[in-house]
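Colleague: Input: one structure, supplied below.
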Amino acid sequence: GAVVSQHPSWVICKSGTSVKIECRSLDFQATTMFWYRQFPKQSLMLMATSNEGSKATYEQGVEKDKFLINHASLTLSTLTVTSAHPEDSSFYICSASWASGRANTGELFFGEGSRLTVL
Amino acid sequence: KNEVEQSPQNLTAQEGEFITINCSYSVGISALHWLQQHPGGGIVSLFMLSSGKKKHGRLIATINIQEKHSSLHITASHPRDSAVYICASSRGGKGAQKLVFGQGTRLTINP
């Protein structure tokens, strides 16, 4: 079946550094990918919608200059947390929807998630 | 009030019991998703449904569009079913649309 791969699965970094997380659709083309954040014991929150070849759409309250999203190809979207601070420590997860020609089923596939800890 | 509400928030049961998790949503949707999140964080999509009922193995999902309500049932529950189950609504066309998530139900099945 369709697989979405996310890397790295966990990362620890110092405050002030930038961290890049990759989300790849391995066997299908994803014109749209979604980035979510999940704090401990809380539900997923959509951060942004990543569109191939165009600018990402950010949800209210998400700083686009802090969370840079690049969707340069149909199989890869990246999320860069710039100048990370301890409050950015969270579980970040991406999802992609399978689009096959005109028949977009809407079914979602999720990456394995990336646990970020900022010291 | 959240757009998507789940109940219960926590559920503990014995192996073999029949499990029901409920989800209510407040606005019209194009589809309702049931997701399973494992302790490590990984998420698996269980069902996507817009009407009626779907079954996959021991899992059954139903939706009532008029009542804006969906249920996830697990028959003959097993400890490996222990996870957080999340319902999420999506709106708009069949294109890759955004999800609104419920708070999740933490299910623990004891042997």
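The values are calculated or read from the model by the stated rules, or taken from the named source; none is laboratory data. None of these values were measured; they are calculated from a predicted model. Quick reminder, even Gly has a Cβ in these numbers, built from the backbone with ideal geometry, and neighbours come from all protein chains shown. For accessibility, only protein heavy atoms count, side chains too; no ligands or nucleic acids. Shrake-Rupley method; radii C 1.70, N 1.55, O 1.52, S 1.80 Å.
Colleague: Out of residues 5 or more away from B:PHE47 or on other chains, whose amide H comes under 5 Å of its own, with H placed 1.01 Å from N in the peptide plane?
Modeller: Residues meeting the amide H criterion: B:TRP34.
Colleague: Here is a follow-up. Peptide A:43-53: average number of partner chain Cβ atoms within 10 Å per residue?
Modeller: That average works out to 3.
Colleague: Please calculate the 1.4 Å probe accessible area of A:THR80, with all protein chains present, and give it to the nearest 10 Å².
Modeller: Around 30 Å² of this residue is reachable by solvent.
Colleague: Ok, one more. How compact is chain B by the rule of thumb for globular proteins, expressed as Cα Rg over 2.2 N^0.38 Å?
Modeller: 1.02
Colleague: What average number of partner chain Cβ atoms lie no more than 10 Å from the Cβ of the residues making up B:37-50?
Modeller: 4
Colleague: Continuing with this model, one more query. Sequence-distant or interchain residues sharing an amide H contact under 5 Å with B:GLN103, placed H: which?
Modeller: Under 5 Å from the amide H of B:GLN103: B:GLN6.
Colleague: From the protein chains alone at 1.4 Å, what is the descending order of accessible area for B:VAL4, B:VAL27, largest first?
Modeller: B:VAL27, B:VAL4
Colleague: Could you tell me the accessible area of B:SER45 in Å² (1.4 Å probe, neighbours in place), rounded to the nearest ten?
Modeller: About 30 Å², rounded to the nearest 10.
Colleague: On to the next question. Kindly compute the accessible surface that chains A and B hide from a 1.4 Å probe when together, both sides summed, and give it to the nearest 100 Å².
Modeller: Its buried surface, counting both partners, is about 1600 Å².
Colleague: Moving on. Enumerate the calculated ³J(HN,Hα) couplings along region A:74-83 in order (Karplus 6.51 cos²θ - 1.76 cosθ + 1.60, θ = phi - 60°), each rounded to whole Hz, writing x wherever the residue is Gly or Pro.
Modeller: With the stated coefficients, region A:74-83 comes to 6, 10, 9, 10, 10, 10, 10, 8, 8, 6 Hz.
Colleague: A:LYS55: which lysines have alpha carbons under 23 Å from its alpha carbon, excluding same-chain residues fewer than 8 sequence positions away?
Modeller: Answer for A:LYS55, where 23 Å is the Cα cut-off: A:LYS20, A:LYS64, A:LYS66, B:LYS94, B:LYS98, listed by chain and number.
Colleague: Turning to a different aspect of this structure: Calculate one ³J(HN,Hα) per residue across region A:13-28 by plugging θ = phi - 60° into the Karplus curve 6.51 cos²θ - 1.76 cosθ + 1.60, and present them in order as whole Hz with x for glycine and proline.
Modeller: Result, ordered by residue: 9, 7, 4, x, 8, 10, 10, 10, 10, 9, 10, 10, 8, 7, 9, 7 Hz.
Colleague: Continuing with the same structure: Relative to the Cα centre, what is the charge dipole magnitude of region A:37-96, using +1 at the beta carbon of each Lys and Arg, -1 at the beta carbon of each Asp and Glu, and rounding to the nearest 20 debye?
Modeller: Around 80 debye, computed over region A:37-96.
Colleague: Okay, next question. Would you mind telling me the antiparallel percentage of the DSSP bridges in the protein assembly as shown, rounded to 5?
Modeller: Around 90 percent antiparallel, to the nearest 5.
Colleague: May I pose another question? What does the accessible area per residue of the protein assembly as shown come to in Å², with a 1.4 Å probe and no ligands, DNA or RNA counted?
Modeller: Accessible area per residue: 49 Å².
Colleague: Something else: Which value in nm describes the separation of the simple spin-label points at A:GLN42 and A:THR80, placed 7 Å from the Cα toward the beta carbon?
Modeller: 2.5
Colleague: Quick one: putting +1 on the C-beta of Lys and Arg, -1 on the C-beta of Asp and Glu, what dipole do you get for chain A around its Cα centre, in Debye to the nearest 20?
Modeller: The dipole of chain A has a size of about 120 debye.
Colleague: In addition: Which whole-Hz couplings ³J(HN,Hα) result when phi for each residue of region B:77-82 is put into the Karplus expression 6.51 cos²θ - 1.76 cosθ + 1.60, θ = phi - 60°, listed in order with x for Gly and Pro?
Modeller: Whole-Hz 3J(HN,Hα) from phi for region B:77-82: 4, 9, x, 6, 7, 4.
Colleague: Turning to a different aspect of this structure: When all protein chains stay in place, what accessible area (Å², nearest 10, 1.4 Å probe) is found for A:ASP27?
Modeller: We get 90 Å² for A:ASP27.
Colleague: Answer with one residue from A:VAL4, B:SER70, A:PHE34: the one whose Cα lies farthest towards the positive end of the charge dipole of the protein assembly as shown, charges on Cβ with Lys, Arg +1 and Asp, Glu -1.
Modeller: My answer, from the dipole projection, is B:SER70.
Colleague: With the calculation restricted to Cα positions, what are the radius of gyration and Dmax of chain A in angstrom?
Modeller: Using the Cα atoms of chain A, the pair Rg, Dmax is 13.8, 45 Å.
Colleague: Taking beta carbons within 10 Å but only from partner chains, what does the mean come to for residues A:34-40?
Modeller: Per residue, the number of nearby Cβ atoms from other chains is 2 on average.
Colleague: Probe radius 1.4 Å, ligands and nucleic acids ignored: give me the carbon and sulfur share of the accessible area of region B:1-87 as a rounded percent.
Modeller: Its accessible area is 50 percent carbon and sulfur atoms.
Colleague: So, one more: Beyond 25 Å, how much of the Cα-Cα pair distribution for the protein assembly as shown remains, as a whole percent?
Modeller: In whole percent, the share of Cα-Cα pairs in the protein assembly as shown beyond 25 Å is 41.
Colleague: Taking 25 Å as R0, compute the FRET efficiency from the Cβ-Cβ separation of A:THR117 and A:SER5 and round it to 0.05.
Modeller: Between A:THR117 and A:SER5 the formula returns 0.75.
Colleague: So, one more: Let me spell out the model: positive unit charges on the Cβ of Lys and Arg, negative unit charges on the Cβ of Asp and Glu, origin at the Cα centre of the protein assembly as shown. What dipole size does that give, in debye rounded to 20?
Modeller: Computed charge dipole of the protein assembly as shown: roughly 240 debye.
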